[in-house]
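Take a look at the structure set out below.
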Amino acid sequence: AAGVIQSPRHLIKEKRETATLKCYPIPRHDTVYWYQQGPGQDPQFLISFYEKMQSDKGSIPDRFSAQQFSDYHSELNMSSLELGDSALYFCASSLGLGGGKLFFGSGTQLSVL
Amino acid sequence: AQTVTQSQPEMSVQEAETVTLSCTYDTSESDYYLFWYKQPPSRQMILVIRQEAYKQQNATENRFSVNFQKAAKSFSLKISDSQLGDAAMYFCAYGSGNTGKLIFGQGTTLQVKP
């Protein structure tokens, strides 16, 4: 079965650079969630989209923005990168809001040097 | 705000034995779901089991079952006949019935001894 696809798997950036992370949900899933997991930490919710509209917002810095496109894929744009942004970024998708099973991608490991 | 607490940073179990991981949560919402996710060293997040809060019956998935105590806001995971492949970090998560977002506990690292 098709899973959530994230690209790239690994990304190395310098401070103050920009990064774009991509997420392709499971076919027919209309909801996408972004999470950030620091080393040894639990995943922290950043932002979510349902039917291409932002549905919820968590602890996402103002330097980050995201959107969901007409084909339901989503992109997380991160600007003015800081050392503290180094983390594993997960995308998850579900069918509908509220209680649906969230399926996670393999994550993008971002390292900011 | 909703919170999830896992008070056991580490647990260990002998292969083929049974282990229970604890989780408590706090919420004022009436519509919510609870999950256990497994994160092996590959760091992939794998759904283990899901419980709908409006259902009294405890969810079961093969060797994995939960003990859901709604009044006590407790949601423990029991792993029976533990296998070496069960070794991983286990996260308890609260899912809002309105937005679907998950709030995770701090995680419990499970070691399985041969």
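The values are calculated or read from the model by the stated rules, or taken from the named source; none is laboratory data. Keep in mind that what you see is a predicted model, and the values were worked out from it rather than measured. We place every Cβ from the backbone using ideal geometry, glycine too, and count neighbours over all the protein chains shown. Just the protein is used for accessible areas: all its heavy atoms, side chains included, with ligands, DNA and RNA removed. Shrake-Rupley method; radii C 1.70, N 1.55, O 1.52, S 1.80 Å.
Which one is farthest from B:Asn67 (Cα to Cα) among residues in segment B:11-34 that are part of a strand (DSSP E or B) and within 14 Å of the chain's Cα centre (by Cα)?
By that ranking, first place goes to B:Met11.
Only residues that are open to solvent by 10 Å² or more (accessible area, probe 1.4 Å), β-branched (Val, Ile, Thr) and over 30 Å from B:Glu10 (Cα atoms): list them for segment A:28-62, please.
Those that are open to solvent by 10 Å² or more (accessible area, probe 1.4 Å), β-branched (Val, Ile, Thr) and over 30 Å from B:Glu10 (Cα atoms): none in segment A:28-62.
For segment A:1-99, please list each of the strands (runs of 3 or more DSSP E) lying entirely inside it that holds at least 1 residues being touching a residue at least 24 places away in the same chain (Cβ under 8 Å) and aliphatic (A, V, I, L, M).
Per the criteria, A:5-7, A:10-13, A:19-24, A:31-37, A:44-50, A:64-68, A:74-78, A:87-94.
Give the residue that is farthest from the other protein chains (Cβ to nearest Cβ), with candidates limited to residues of segment B:52-61 that are open to solvent by less than 90 Å² (accessible area, probe 1.4 Å) and under 15 Å from B:Ser30 (Cβ atoms).
Among those that are open to solvent by less than 90 Å² (accessible area, probe 1.4 Å) and under 15 Å from B:Ser30 (Cβ atoms), it is B:Ala53.
Considering only residues that are in contact (Cβ under 8 Å) with a residue 60 or more places away in the chain and over 14 Å from the mean Cα position of the chain (by Cα), look in segment B:83-111 and name the one that is surrounded by the most Cβ atoms within 10 Å (Cβ to Cβ).
Per the stated criteria, the residue is B:Ser96.
What are the residues in segment A:71-85 that are within 30 Å of B:Arg50 (Cα to Cα) and surrounded by fewer than 20 Cβ atoms within 10 Å (Cβ to Cβ), if any?
Residues satisfying the conditions are A:Asp71, A:His73, A:Glu75.
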